[in-house]
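For reference, the structure discussed in these notes is given below.
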Amino acid sequence: MKDKKDQTLDNSPIKRRDFFRRLGSIVAGGAILGIGGVGVSRVVDKEESSEFWQIDPNLCTQCGRCETHCVMPVSAVRCVHAVKVCGYCDLCGGYYRTNAKELNTAAENMICPTGAIQRKFVEDPYFEYTIDEDLCNGCGKCVKGCNSFGNGSLYLQIKQDLCLNCNECKISTVCASNAIKRVSYGTVYYLKEHA
Amino acid sequence: MMKRKLLLFAALGLQTLAHAVSRFPKPDFESGYQYPEVSYAIPHEHLWNVVDVVLLVVLLGVVAWAVYKNRTRVPIIITSVISIAYFGFFRGGCVCSIGSIQNVALAMVDENYHLPWVVLMFFLIPIIFAFFFGRVFCAGVCPFGALQELVNVKSFRISKPIAKTLSVIPWIYLCFALLFALTHSRFIICQFDPFIGIFRLGGDTGLIFFGVALLLMSVFTGRPFCRFLCPYGALLSLFSSVSIRKPQITQNQCVNCQLCHQSCPVDAVLPPYQNKVEEERMKSVWRVLRYVVVVPCLMLLGVFLMRLSAPRLSVANKEVRLYQLVMQQEANPDQPMPAEVEAFYAQGRTVEELTATNEKIQKDFLFYGSIAGAVIGWVIGVNLIRLTLRRTRKEYSIDARHCVACGKCFSYCPSTKGVKS
C-alpha cells in the first residue's frame, strides 16, 4: 500500500528523469555517430597516411637536440650514410675534426664522440666510411662536418625499428628547424641517391 | 621487439633528394669496388595495430561479461594483468585512448590532418562500450587504471569537499588539452603522462617521480589518477551517465548494510538518503533563478580569464616562440643568434609570413580559449549546483558517472552471497 505522496513521487519526477535520461542517451549516441563519421572521413589509406616521424635532411641544421631530447635512453636518431653520394675522400670533414693536429685515429682528432664512424682503405686515394649504428647516438656532429666540407652524404634519420612512434615526437617539439615531420609508410626514410 | 630488415630499392625512392651538395666527384674505382648495400629497418606497426584493436575489443568484452553476467572480479583482474603486460610494458603505453582525444579533436577541425585508423578506434571503441555498459574500459583495459587498481590495498575515503573540488580538474585538463591540440601547439596529455616513464622503464625523472607518487597514493586510496586527473575518464563519465546498461551492486534485495559503500575504491556507491526537508515552491523557483544567473556569470568569468591569458598560453606554440625569438633578434641584431633563428633565416622564410602565422595562432588561441573558458565555467557551475541537489534514495546505488566497473562491491554484498543468479 502506497500513500498519496509516494504515488506522486513515483509518477511525475521519475518519468521526467527517465525522459531526460533517454534524451541524454540519444544525444550521446548522436555524438558517437558524429565523431565517428567525421573521424572516418579523416582516416586516409594506410599506405598514404602519415603515421611515422622522420627528419627532413633538407631542413635539418644539426642543432644536436636529437641526441638529448628523444624519450629513449639512447636516441632513436642515427646517422646514415648515402654511399652513392660520398666522395670517399681521405680528408673527410665528417671523420676528422677541422682542427686535427695529425690525421690519425687518436680521439682528439676524431669528430665522432663515440667512435661510431669507421673507415676502410679501398684504393688510393679512396676510403670507405661506415657508421656503426650500435655506437651512434645521433648527435649529428659528423653530419655538420660532412655538410660543411663534403658532399653531404652523412645525414640524420630516425630509425623506424627503434622509434617508439610517440603520439607527439618529443624531439619535434624542440627541433630548431621544424625538420621532423610525419611521413607515410611508403616514404619512411629520406634517401639520398644521386650527387 | 620484432625487427624486419628490408632492402629498399625503388619502393622508397619517392623521397629521393636531388640537390645534395656535390663538392667532390663520384670516385672512379679501378679495383672493382662494389658499393655496399644499404638496408633500412622498416617499421613494424601495421601488424601490431591490428593486434591492439582486437585485444582492446576482446578485453572490453571480457570486462563487460564479468560485470553483467559473471559478476566476479577474477576476470577483471586477469584483464588488468594482460593490459599492463601488453598495452603497458610491451607496447610502451603508447597506444593510448587518453592521448587519442587530441588527435581526434585535431582531425575534427583540420582537414589536412591524417588521423591514423588505430587512433580513431582507440578513441571510439571505449566510448561505445561506455555508452552500452558504463566505464568498463577504466576497470581493467586501460593500463593506467589497471596499474593503480592492482597496487590498491586499502581505500581510505577522501573527504567530500576535497574530492568534489579535485574532481573538476579532469575537465579543466581536458579543456586545456583540447585548446593546445586545436591550435597545433602541443599534445600536453602525452607530454605530462605520469605512467609512461614507468612502462618504458625510463624517461623524464620528474614525471616518473609523479607517477610513483600517484601509485603510492593509490595504495591507500582508489585510483587518484582516474578520479582527479584523467581527461578521458571525464569524457567517459558523460557517456556512462546515460549508458544503456548500468552496473548493479546486487540483483537481489538491498539490505542497506553499507558494505558496498565501504568497499568502493572510487566512492561511487551513494548511500540512501531521506530528503526530509520539503522546499517551498517559491523558494525553489528563486533557487533555480539564481543558478540561471550564476552559471553564465561563471562562464563569462572563464571567458574573460582565458582571453586575458591567451597571449601567455600561446607561447606553447612553436611558431609563436620562433616569432618572439626573431623579433628579439631583429630588435637587437648584435646578440648571438639562437639555433632556431639561424634555421629560420637559412630556410629563406620571411618575417612577414611569420608575423601572419603568429597573428593567426593568436586568433586561434583567443577563439578556442574563449570556448575553453566558457566550458570550464559551465563545469564548475554545474558541479556547484550538483552539490545542492539532494535526491531521495531508498537503498545503496551506484553513481554511474564515477563507477569504474571494478566489481569490488559484488563480493561484498551479503545479499548476493549464497544466491547464484
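The values are calculated or read from the model by the stated rules, or taken from the named source; none is laboratory data. Nothing here was measured: the structure is a model prediction, and the numbers come from that model. For neighbour counting, all protein chains shown are included, and Cβ atoms are generated from backbone atoms with ideal geometry for every residue, glycine included.
For this structure, a couple of remarks:
- Yes/no for residue B:47 being within 14 Å of chain A (Cβ to nearest Cβ), within 24 Å of residue B:234 (Cα to Cα) and assigned to a helix (DSSP H, G or I): no
- Scope region A:154-190; condition touching a helix residue (DSSP H, G or I) at 6+ places or on another chain (Cβ under 6 Å), at pLDDT below 90 and crowded, with 22+ Cβ neighbours inside 10 Å; matching residues: A:190
- Residue check, residue A:141 of a type in the set (Lys, Arg) and assigned by TED's automatic domain parsing to the domain that holds residue A:73: yes
- When region A:173-195 is limited to residues that are within 16 Å of residue A:67 (Cα to Cα) and in contact with a Lys or Arg (Cβ under 8 Å, 6 or more places away or on another chain), the one that is nearest to the other protein chains (Cβ to nearest Cβ) turns out to be A:176.
Yes/no matrix, rows are residues, columns are (1) closer than 22 Å to residue A:77 by Cα; (2) within 11 Å of chain B (Cβ to nearest Cβ); (3) at pLDDT below 90:
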| residue | (1), (2), (3) |
| --- | --- |
| A:96 | yes, no, no |
| A:100 | no, no, yes |
| A:105 | no, no, yes |
| A:115 | yes, no, no |
| A:138 | yes, no, no |
| A:146 | yes, yes, no |
| A:150 | yes, yes, yes |
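- Failed criterion for residue B:313 (all others in (1) touching a Leu at 6+ places or on another chain (Cβ under 8 Å); (2) not assigned by TED's automatic domain parsing to the domain that holds residue B:375 hold): (2)
- Qualifying residue in region B:104-122 (condition: more than 9 Å from every other protein chain (Cβ to nearest Cβ), small (Gly, Ala, Ser) and buried (at least 17 other Cβ atoms within 10 Å of the Cβ)): yes
- Residue in region B:194-216 that is in a loop (DSSP other than H, G, I, E, B), among the small types (Gly, Ala, Ser) and away from chain A (no Cβ under 14 Å) present: no
- When B:118, B:81 are checked against the criterion of being at pLDDT 90 or above and of a type outside the set (Ser, Thr, Tyr), a single residue qualifies: B:81.
- Qualifying residues in region B:217-243 (those that are outside any helix (DSSP H, G or I), of a type outside the set (S, T, N, Q) and out of contact with any Asp or Glu (no Cβ under 8 Å at 6 or more places or on another chain)) - the one farthest from the other protein chains (Cβ to nearest Cβ): B:229
- Only one entry in A:71, A:44, A:38, A:80 is part of a loop (DSSP other than H, G, I, E, B), modelled with pLDDT of 85 or more and surrounded by 12 or more Cβ atoms within 10 Å (Cβ to Cβ), namely A:71.
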